[in-house]
Amino acid sequence: MKLNRLFLTTALSMGLALPALAVQPAAGEKLAADQSYTFWLLDAIKTADPHKNSDVEGSDVIRQLFEGLLNEDAKGAPVPGVATKFDLSDDKLTYTFHLRPEAKWSNGDPVTANDFVYSWRRLADPATASEYAWFMELMNVENAPAVVKGEKKPEELGIKAVDDHTLEVKLTAPTPYFPKMVTHSSTFPVPQKVVEAEGDNWTQAGKLVGNGAFTLTSHDLGVQISMDKNPNYWDAANVVMEHIKGLTVNDNNVALTRYKAGELDRVQIPAGQYPSLEKEFPDQAISIPYSCSYGYLFNLSDKGPEALKDVRVRKALSYAMQRDVVVDKILQGGQKPSYNWTHWAIEGFQMPEIDYAAWSQAERLEKAKALLAEAGYGPDKPLKLVLQYNTDENHKKIAVAAQQFYKQLGVQIELNNVEWKVHTDRLQSQDFEMARYAWCADYNEASTFLDYFRSTGMNYGKFKNAEFDKLLDESKTAADPNVQYTAAEKIIAEEMPLVPIYQYAKVDMISDVIKGLPTENVMNDWLAKDIYRIEK
Amino acid sequence: MFGFILRRLAVAIPTLLLLIVLSFLLMHAAPGGPFTQERALPPQIIANLNAKYGLDEPLWRQIVNYVWGIVAHFDFGPSFVYPDRTVNQIIAAGFPVTLTYGGIAFVAAVVVGVSLGVTAAIRQNTWVDYLAVGTSIGAQVLPNFVMAPILVLVFTLWLGWLPGGGWGGPIFWIMPVVALSTSFMASIARITRSSMLEVLGSNHIRTARAKGLSESKVILRHALKPALLPVISYLGPAFVTMITGSVVVDIYFSTGGIGRSFVDSALNRDYAVMMGITILVGALTILFSLVVDVLYAWIDPKIRY
């Protein structure tokens, strides 16, 4: 097999040609003597095990303690991590990663290709019972579905160590975004010896061995998690930061107070407070795109209401949603009104022209009324629907507003507030009519959103469209899959499987002495190795 | 008395068993489970998780195994949500925290509450009384979820005297203690005042005064003891509530106490942690209502068990 050396991004090839760039203060900045950074955690970190974690905050911690094949640069593009480069075969099915020989675990052992083989098998192995085993399937790694189901042995997974520093991964289908997927924390390596010796306890402070730029020094569940610079990290010479700490504060407003008191270096801004904070602290308040999309899902399954099977009704409900009110009056944090599903800032994504996005709200309402009347609903036969949302202050505000928007349309909405687990349980068993839903990207590419609405996707509303499925199948081998993505979004605007409402922004306060946190990465992943504290 | 204590302890065991069975059933009746999450897990993984945590067994078998684990090994099982923690570890980390701030808050609430109540009763309808009653009503109507953020705002942001949260030395205890104790203090003051007023009007106090005893002797020796009876019956459950933590205190001050773990475990369907804390609270409640009964007999010689 002739291997074709391919560099997907300029950043990656630059990483080859140049040594890693040292983190350096800009002109006029003086490094502080105390190189520490304290970030905010809303909740307790479930685990520091990359294969057992399932939440965003856990990934933030894991990304400091472990390092995958590739990292993300400040804009989210893949750059060398443990791997310095990779080759892709002509059939686009075999990736060969070349690992840097100087990569070490925090106990001094070398990081080898076998560590990745062990780790990916562990992730897929049903015995691990990882909540993220499906990620191996999403990556199209050979035999992943069968391994996850327990039909094949983990040893049959399409990953092998050619030698200590060469890793070969076989895919079942060309996956253009594969390099972006290996920046996901569930693909990170874990140290086999330690995991096998310590069992479930291997992630405790004092036992945990990682290959990231930091090591775990303490973890008080629900209070704080502390990490120190790892001297064995291959690029330790270029890491300025010495200590990082995640403080759990369950209340966002208290967290903001503690930020102002100097106890935290970064915190989320509670909904509605961005405009005033932005005025008061223009150099600290930020609002940057964040790869999640929010909307109301329609239940189109057999268990769903008859009315929603009529596309005119779905369109009417989407048109009547006053997105500007939601973003400008309720959230007020720079979120964008949404008329489609994929987040607008996803790399390479081209927004299609969506007719109703260009209309005025008055036009939309008029159109919505006409469509609803056409579908046979009116004052003598009002449409009644139940809107389910999970407990959260913002979800509630938006739902209450939606109730009013739909009243103008003559639709009676009954609100049904349930806790998260009940909400999820009902979504999964199609036991709802309309439900609040949000989706966050697993990797920086539109398919992470669009795959959701495939007939085989998670698709809790059971939307089915053969044309949509076909486009996404084609996208996998297309030269530029964004053509198919744009067309697929067109179908969503025509078929309206949900009411798109808004697209997220990350609305945070960042201390003005902390530099190097990425503000242009729509995934909002950050690495403490790239940040530093300056003297004020 | 000894027989009474033994009898009560004997009843405690079936009570706890009943508590375990009922909680177990209620918990499993709630929709969703510990492994319900946004992306539905493949059946194979659910089966593995269920097998790992023994959830694949019939419910009665799970209860028997669970109780056996506690009785034989004092093992409350692994957390279903935090893979590297057991319930014993979670309680061992969180309970000392709530015990510390809850215990101090209890002492503070009793000392201040009883003093306020007694003073108010002795000086009934004077400015002292009005001040004491006013303070306690003020403390009662200011719920701790309002007070906690205000405390952080004043003492952390404005004055910079206290850390805004976390857990460590005594400096971290102050705000949780204040936030937790005020409403209890107010209730204690109110109960003490009304009960003291009642006692002060009774015959044996008139007799004591007629004998020419000094006012301080009348109050401390003859009035206070009987006046405290209703306070004590309030203190038993209040003590357990305080030392097992307040979810509000834990949330606002990030103490890592078990109050927060309890609520989290219910929302996360972390069955084992939820059961562990339920049993802890249940056992403490039974224990301290027994302590209250014993104290009753000690204070009031008329009471015989």
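Details
- Evaluation of A:ALA237 against the conditions (1) within 12 Å of chain B (Cβ to nearest Cβ); (2) more than 27 Å from the chain's Cα centre (by Cα) shows that the sole unmet condition is (1).
- The set of residues from region B:51-66 being away from every other protein chain (no Cβ under 14 Å) and either crowded, with 16+ Cβ neighbours inside 10 Å or not in a helix (DSSP H, G or I) (or both) comprises B:GLU57, B:PRO58, B:GLN62, B:ILE63, B:TYR66.
- Scan of region A:129-183 for residues that are within 12 Å of another protein chain (Cβ to nearest Cβ), of a type outside the set (Lys, Arg) and assigned to a loop (DSSP other than H, G, I, E, B), ordered by number: A:ALA129, A:SER130, A:GLU131, A:TYR132, A:ALA133, A:GLY150, A:GLU151
- Residues of region A:88-119 satisfying the condition of being touching a His at 6+ places or on another chain (Cβ under 8 Å) and not hydroxyl-bearing (Ser, Thr, Tyr): A:HIS98, A:LEU99, A:ARG100, A:PRO101, A:ALA113
- The residue of region A:296-312 that is surrounded by the fewest Cβ atoms within 10 Å (Cβ to Cβ), among those that are over 31 Å from the mean Cα position of the chain (by Cα) and outside any loop (DSSP other than H, G, I, E, B), is A:GLU306.
Residue by residue, here is whether (1) at pLDDT below 95; (2) aromatic (Phe, Trp, Tyr); (3) in a helix (DSSP H, G or I) holds:
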position	(1), (2), (3)
A:LYS464	no, no, no
A:GLU467	no, no, yes
A:LEU472	yes, no, yes
A:ALA478	yes, no, no
A:GLN484	no, no, yes
A:ILE501	no, no, no
A:TYR504	no, yes, no
A:ASP508	no, no, no
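- Of all residues in region B:138-171 being touching a helix residue (DSSP H, G or I) at 6+ places or on another chain (Cβ under 8 Å) and aromatic (Phe, Trp, Tyr), the one that is surrounded by the most Cβ atoms within 10 Å (Cβ to Cβ): B:TRP167
- One residue alone among B:GLY245, B:GLY282 is small (Gly, Ala, Ser), in a loop (DSSP other than H, G, I, E, B) and touching a residue at least 12 places away in the same chain (Cβ under 8 Å), and that residue is B:GLY245.
- Failed item, numbered, when B:SER115 is tested on (1) assigned to a helix (DSSP H, G or I); (2) at pLDDT 90 or above; (3) surrounded by 16 or more Cβ atoms within 10 Å (Cβ to Cβ): (3)
- Flag if A:ALA362 is surrounded by 15 or more Cβ atoms within 10 Å (Cβ to Cβ) and farther than 27 Å from A:ASP451 by Cβ: no
- When we screen B:VAL199, B:VAL249, B:VAL231 for residues that are more than 12 Å from every other protein chain (Cβ to nearest Cβ), touching a Ser or Thr at 6+ places or on another chain (Cβ under 9 Å) and surrounded by 18 or more Cβ atoms within 10 Å (Cβ to Cβ), the only hit is B:VAL231.
- Restricting region B:26-50 to residues that are more than 7 Å from chain A (Cβ to nearest Cβ) and over 35 Å from the mean Cα position of the chain (by Cα), the residue that is surrounded by the fewest Cβ atoms within 10 Å (Cβ to Cβ): B:PRO43
- Hits in region A:237-283 (condition: closer than 30 Å to A:THR215 by Cβ, of a type in the set (S, T, N, Q) and assigned to a helix (DSSP H, G or I)): A:ASN238, A:ASN252
- Residues in region B:67-102 that are without any contact (Cβ under 8 Å) to a residue 60 or more places away in the chain and aliphatic (A, V, I, L, M) were compared, and the one that is nearest to the other protein chains (Cβ to nearest Cβ) is B:ALA92.
- Any hit, region A:358-370, residues being acidic (Asp, Glu), in a helix (DSSP H, G or I) and at pLDDT 95 or above: yes
- So B:VAL218, is it within 27 Å of B:LEU55 (Cβ to Cβ) and more than 14 Å from chain A (Cβ to nearest Cβ): no
- Residue in region A:41-49 that is more than 14 Å from chain B (Cβ to nearest Cβ) and outside any strand (DSSP E or B) present: no
- Residue under evaluation A:TRP120, criteria (1) over 24 Å from the mean Cα position of the chain (by Cα); (2) modelled with pLDDT of 95 or more, criterion not met: (1)
- Among the candidates B:THR86, B:THR100, B:THR135, residue that is surrounded by fewer than 22 Cβ atoms within 10 Å (Cβ to Cβ) and in contact with a strand residue (DSSP E or B) (Cβ under 9 Å, 6 or more places away or on another chain): B:THR86
- For region B:203-242, the tally of residues that are hydroxyl-bearing (Ser, Thr, Tyr) and either closer than 30 Å to B:TRP173 by Cα or touching a residue at least 12 places away in the same chain (Cβ under 8 Å) (or both) stands at 3.
- Qualifying residues in region A:193-214 (those that are surrounded by 24 or more Cβ atoms within 10 Å (Cβ to Cβ) and of a type outside the set (A, V, I, L, M)) - the one nearest to the other protein chains (Cβ to nearest Cβ): A:THR203
- Across region A:432-477, the number of residues qualifying as in contact (Cβ under 8 Å) with a residue 24 or more places away in the chain and among the basic types (Lys, Arg) comes to 4.
- Those residues of region B:252-275 which are aromatic (Phe, Trp, Tyr), farther than 19 Å from B:LEU19 by Cβ and either more than 7 Å from chain A (Cβ to nearest Cβ) or in contact with a Leu (Cβ under 6 Å, 6 or more places away or on another chain) (or both), in sequence order: B:PHE253
The values are calculated or read from the model by the stated rules, or taken from the named source; none is laboratory data. Predicted, not measured: the structure shown is a model, and the values here were computed from it. As a convention, Cβ positions derive from the backbone with ideal geometry for all residues, glycine included, and neighbour counts pool all protein chains shown.
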